[in-house]
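All remarks here apply to the structure that follows.
Nothing in this text is a laboratory measurement; each read-out follows from the coordinates by a stated rule. The shown structure was predicted, so the numbers you read here are calculated from the model rather than taken from an experiment. Positions of Cβ are backbone-derived with ideal geometry, glycine not excepted, and every protein chain shown enters the neighbour counts.
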Protein chains: 2
Amino acid sequence: MSYEERIAQVEQYIDDHLREFLEDLKALCAFPTVAAQGQAIDETAEFTRQLLEKYGFQSDVMPSTGNPMVYGELTGSGDKILLCYNHYDVQPAEPLDLWDSPPFEATERDGKLYARGVVDDKGHIVCRLAAIAALKAVYGELPCSVKILIEGEEEIGSMSMEPFIEQHLELLSGADGCLWEFGGVDYEDRPETVLGMRGDVYVELRARTLAHDAHSGIGGSIFPNAAWRLTWALSTLKGPDERILIPGWYDDVRDPTARELDLLQGTPRTDEALKESFGLDSFLNGVDGVGMKRQQLFEPTCTIAGLGSGYQGPGSKTVLPAEAMAKIDFRIVPDQDPDDLMEKLRAHLKNQGFGDIEVIQHGGSRAARVDPDAPFVQMYVEEAREVYGKEPVIQPTSGGSGPMDPFVRLLGVPIVNVGVGYPHTLVHAPNENMRIADFARGVKLTARMMARMRTA
Amino acid sequence: MSYEERIAQVEQYIDDHLREFLEDLKALCAFPTVAAQGQAIDETAEFTRQLLEKYGFQSDVMPSTGNPMVYGELTGSGDKILLCYNHYDVQPAEPLDLWDSPPFEATERDGKLYARGVVDDKGHIVCRLAAIAALKAVYGELPCSVKILIEGEEEIGSMSMEPFIEQHLELLSGADGCLWEFGGVDYEDRPETVLGMRGDVYVELRARTLAHDAHSGIGGSIFPNAAWRLTWALSTLKGPDERILIPGWYDDVRDPTARELDLLQGTPRTDEALKESFGLDSFLNGVDGVGMKRQQLFEPTCTIAGLGSGYQGPGSKTVLPAEAMAKIDFRIVPDQDPDDLMEKLRAHLKNQGFGDIEVIQHGGSRAARVDPDAPFVQMYVEEAREVYGKEPVIQPTSGGSGPMDPFVRLLGVPIVNVGVGYPHTLVHAPNENMRIADFARGVKLTARMMARMRTA
């Protein structure tokens with residue numbers, strides 16, 4: 001039987017057994033695994049382990065420096081190994097009143113399944129398992145070995161991933177390719193993969209100038225004001241020209257390669273969709289087209305993500321705040337190093353006279369890049385074209401961040417996105433949803449990637 | 001009978017009838033008259049009117065551009081008129097869990113009465129009424145006429161006071177002196193009056209850059225960030241040297257007079273008490289002693305009273321905020337004009353490239369100064385010395401603001417503070433309280449001021 005004949009049988013099996021897979025997904029979505037709130041972590045890890053066992057894995061719940069990891073191995077024929085990276089934790093469901101059905105009771109409406117985590121990332125866990133069930137049914141045996149690593153802290157920064165990989169290098173090494181935790185189609189239903197992520201340094205700055213708030217009429221001209229100190233400190237980090245002013249911040253920035261810029265050139269134009277969605281007339285610095293994308297994806301950023309001090313209610317309150325806080329989200333690019341940047345930030349604040357401002361680090365990761373010419377990436381392009389009937393979109397990098405760096409740098413594995421998402425999936429928002437047709441296509445492409453491992 | 005013999009009888013009457021006055025105060029404190037929350041306004045106004053009638057006033061509830069005014073007149077002997085300015089509204093009671101007894105059930109403990117508004121300002125209303133009752137009992141007739149104006153918006157900026165006075169100039173004119181709404185003793189139980197207030201301009205700045213918040217990984221380098229725009233705009237208003245940078249801001253600042261500086265020299269040193277209370281090693285610009293007070297009371301200020309944008313919860317959230325808000329409390333001095341300053345602020349923001357930032361005004365008042373050499377002030381000094389047995393403290397101005405300017409500028413009346421407060425009265429905070437002994441002394445001094453009007 002040819003590869004295409006067998007794959008046709010696999011796809012038929014997937015269509016025939018879709019309801020069973022969705023039942024497993026609904027059961028997994030019933031756990032309110034909100035990492036930010038420390039909810040249902042151990043229960044979900046154990047349930048996930050059992051689910052892996054049900055699909056034939058040998059599976060363990062393993063300790064990490066944070067929430068436990070679920071790890072599974074399933075030995076197939078041949079000597080190829082596919083690694084899957086996923087996470088069992090989800091974003092908070094709040095605001096609850098904006099959900100049309102309970103967030104932790106997966107509900108079907110109009111060909112979609114609604115639940116917190118139904119796509120991000122429980123749908124992707126079940127997607128991998130469903131593909132395995134179909135392949136085993138048709139091939140008798142899995143055409144490659146599969147290792148799956150499912151963390152419980154993706155939504156709060158994946159702080160334990162790098163130390164876990166360092167500690168279990170032997171266990172996790174040797175894979176020939178990796179399916180990342182997200183994936184799916186773009187606005188025009190084209191399959192899409194990203195070959196990199198930006199890194200990030202996330203800090204909180206805290207100014208404290210007084211033992212307690214003061215009346216502004218008493219202290220306005222004699223007491224130091226925490227909100228002012230924070231404002232002045234922030235204004236030394238970045239000016240209205242959007243250039244980051246911390247000395248040495250750009251030292252290790254690697255320019256995009258010609259290959260990366262080529263890839264960028266091949267991606268669909270998104271200017272108008274972004275402008276319309278966010279109510280903009282133009283982008284910063286007036287960029288557009290490929291220039292906009294280059295700025296969007298290849299530049300380091302310094303984003304104030306939060307500000308808080310004093311009175312924020314209606315009308316006026318005559319208070320002089322003792323404390324002020326800013327959250328700053330720095331996105332970083334190859335080859336910037338989070339530890340080095342933290343040192344530069346601290347030194348800069350001190351040099352500018354703001355050594356009294358406390359700097360709390362909430363996260364840090366390096367940027368990552370996958371080789372666009374890896375055979376595994378080419379395999380994705382060919383198989384995705386078959387499943388979706390459209391030419392896949394290859395993004396040289398995402399603007400977002402994630403724990404991709406230790407997979408690339410420590411495990412040396414090429415990575416692609418095969419998944420069940422679409423642009424209106426509302427991950428992180430109320431009414432997170434998955435189109436069931438996207439689930440079926442995601443399972444089929446996953447199965448094809450596993451089947452191709454044998455022939456690779 | 002001599003003045004002193006009669007006043008001794010008046011004071012005896014006050015001591016003998018203290019419980020009755022306190023019952024009236026308790027009844028008034030039972031109304032939760034929180035202006036910021038629009039609570040119990042009309043009920044309190046009507047109850048206050050009835051209370052004035054009980055003490056012999058002809059009284060009306062009068063409309064204003066905001067909450068109603070309670071106005072009363074009581075004709076006495078002679079041709080002198082004393083004006084009393086008070087307010088029936090109170091600060092919010094929150095946080096409720098920090099109160100040791102219910103805020104709107106006046107409760108006596110250890111010689112103190114606890115309730116929201118027990119000092120600020122309901123205690124002062126009843127203080128004026130108690131003095132009148134005692135004087136009428138001893139003198140048969142009030143030794144001067146009294147006009148009392150009680151507003152319902154002092155805690156939210158007294159926005160209706162100036163237009164009300166303008167509209168009722170004839171009714172309110174002709175007074176020979178005015179008792180202000182607060183007063184009492186300082187840290188060493190010395191009676192204290194202030195002969196002026198700073199004015200204020202209170203604004204809210206709002207930046208809006210996007211239709212809705214964005215993911216910082218998507219927008220960080222291409223979308224305008226409201227928190228950044230606000231930060232940059234704020235940093236053009238005042239630098240770390242504390243000098244306000246808005247062109248022309250200091251143009252109309254009148255230097256303190258030699259007489260004002262003399263008065264300042266005569267006030268007790270407060271450096272150490274302030275430093276200890278607020279945990280400070282030094283004041284801004286390293287000032288101390290009289291220099292500190294001059295800076296504290298005679299300089300315009302620009303205080304950030306509140307900042308808010310994006311994510312302020314624990315840990316990290318990767319959001320790029322569409323909106324950001326700052327509350328700014330400018331204190332102003334003679335002869336700065338709020339309308340002129342608002343124009344200068346708006347022009348400055350526009351000139352600095354921040355014309356997109358919305359400026360919302362929440363309040364504005366001019367600074368005010370009472371003539372320190374007015375006979376009415378001298379009368380206060382003499383009578384306060386008698387009641388308290390200590391030399392009164394004369395502050396040339398308060399650092400705070402209030403609606404004093406229309407009383408001085410439009411009605412031309414000299415003003416002093418005669419009251420029931422003390423430094424630990426906790427106005428605006430939980431467990432607001434009045435020492436009953438301070439109430440008795442405040443009533444006695446009020447009665448003496450009224451009695452002296454006849455002989456003045």
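Each of B:Met69, B:Val34, B:Leu83 was placed along the dipole of segment B:32-92 (beta-carbon charges, centred on the mean Cα), and the one lying farthest toward the positive end is B:Leu83. The trypsin sites (Lys or Arg not before Pro) of segment A:376-433 that meet both conditions, a loop assignment by DSSP and at most 15 other Cβ atoms within 10 Å of the site Cβ, are A:Lys390.
In terms of its Cα atoms, segment A:1-104 spans 52, 36, 18 Å along the principal axes, sorted from long to short. With a 10 Å cut-off around each Cβ of B:230-238, the average count of Cβ atoms from other chains is 5.
Each eigenvalue of the Cα gyration tensor of segment B:301-441, multiplied by 5 and square-rooted, gives one semi-axis; in descending order these are 41, 24, 10 Å.
Between B:Glu53 and A:Ser77, the modelled labels are 10.2 nm apart [label points 7 Å from Cα along Cα→Cβ]. Here segment A:13-145 is assigned +1 on the Cβ of each Lys and Arg and -1 on the Cβ of each Asp and Glu. Its dipole about the Cα centre then comes out at about 260 debye.
Rounded to the nearest 20 debye, the dipole magnitude of chain A is 540 debye, with +1 charges on Lys and Arg beta carbons, -1 on Asp and Glu beta carbons, and the Cα centre as origin. What separates the Cα centres of segment A:185-235 and segment B:425-456 is a distance of 47 Å.
Packing around the peptides B:91-97, A:332-338, B:129-135, taken as the average count of other Cβ atoms within 10 Å per residue, puts them in this order, highest first: B:129-135, A:332-338, B:91-97.
For segment A:34-108 and segment B:304-359, what is the separation of their Cα centres, given in Å? Cα centres, segment A:34-108 to segment B:304-359: 45 Å. Just want the answer: with Cβ charges of +1 for Lys and Arg and -1 for Asp and Glu, which residue in A:Thr425, B:Thr257, A:His362 is farthest toward the dipole's positive end in the protein assembly as shown? The residue sitting farthest along the positive end of the dipole is B:Thr257.
The stretch between B:His424 and B:Leu18, if pulled fully straight at 0.36 nm per residue, gains 144.0 nm over its current Cα-Cα span. Computed as a quarter of the hull surface, the mean projected area of the alpha carbon convex hull for segment A:314-389 stands at 11.1 nm².
Expressed as a rounded percentage, what relative contact order does segment A:155-280 have, with Cα pairs under 8 Å and six or more residues apart? Here the relative contact order equals 10 percent.
Ordering B:Met62, A:Met449, A:Met404 from the fewest to the most neighbouring beta carbons within 10 Å gives B:Met62, A:Met449, A:Met404.
Just how many % of Cα pairs in the protein assembly as shown lie over 51 Å apart, if you round to the nearest whole percent? Value for the protein assembly as shown (Cα pairs over 51 Å): 37 percent.
Which net charge results when you count Lys and Arg as +1 and Asp and Glu as -1 among the other residues whose beta-carbon is under 15 Å from that of B:Phe21? Once positives and negatives cancel, what remains is +1. Sorted shortest first, the separations between the A:Ser282 label point and its copies elsewhere in the assembly read 4.7 nm; each point sits 7 Å from Cα along the Cα-to-Cβ line. Hey, what angle do you get for helix A:226-235 against the long axis of chain A, alpha-carbon based, 0 to 90 degrees rounded to 10? Between the helix axis and the principal axis of chain A, the angle is about 60 degrees. In plain terms, the residue of A:Arg19, B:Arg128 with the fewest other Cβ atoms within 10 Å comes first and the most crowded comes last, giving A:Arg19, B:Arg128.
Other protein chain C-beta atoms within 10 Å of residue C-beta, averaged over B:292-301: 3.
Label separation (A:Glu276 vs B:Leu245): 4.1 nm, computed from points 7 Å beyond Cα along the C-beta direction.
From the largest down, chain A spans 85, 47, 45 angstrom on the principal axes of its Cα atoms.
With the simple spin-label model, which puts each label point 7 Å out from Cα in the Cβ direction, the A:Asp335 to A:Ala8 separation comes to 5.1 nm. Sorted shortest first, the separations between the B:His424 label point and its copies elsewhere in the assembly read 6.5 nm; each point sits 7 Å from Cα along the Cα-to-Cβ line.
Amide H contacts of A:Gly76 (H built 1.01 Å from N, in plane; Pro and chain starts excluded): A:Ser145, A:Val146 sit under 5 Å, all sequence-distant by 5 or more or on other chains. Summary for B:Arg19: label point 7 Å along Cα→Cβ; distances to the equivalent points in the other copies, ascending, 8.4 nm.
Remark: segment B:42-156 is approximated by an ellipsoid whose semi-axes, taken from the C-alpha gyration tensor as √(5λ), come to 28, 18, 10 Å, largest first. DSSP finds beta bridges in chain A, and of those with both partners inside it, around 75 percent are antiparallel.
Working ranking of peptides A:345-356, B:306-317 by packing, defined as the average number of other Cβ atoms within 10 Å per residue, highest first, is B:306-317, A:345-356. Relative to the dominant Cα principal axis of chain A, helix A:289-298 is inclined by about 80°.
Dipole magnitude for segment B:377-456: about 220 debye, using +1 per Lys or Arg Cβ and -1 per Asp or Glu Cβ, origin at the Cα centre.
Considering only the protein assembly as shown, what is the antiparallel percent among its DSSP beta bridges, to the nearest 5? Close to 75 percent.
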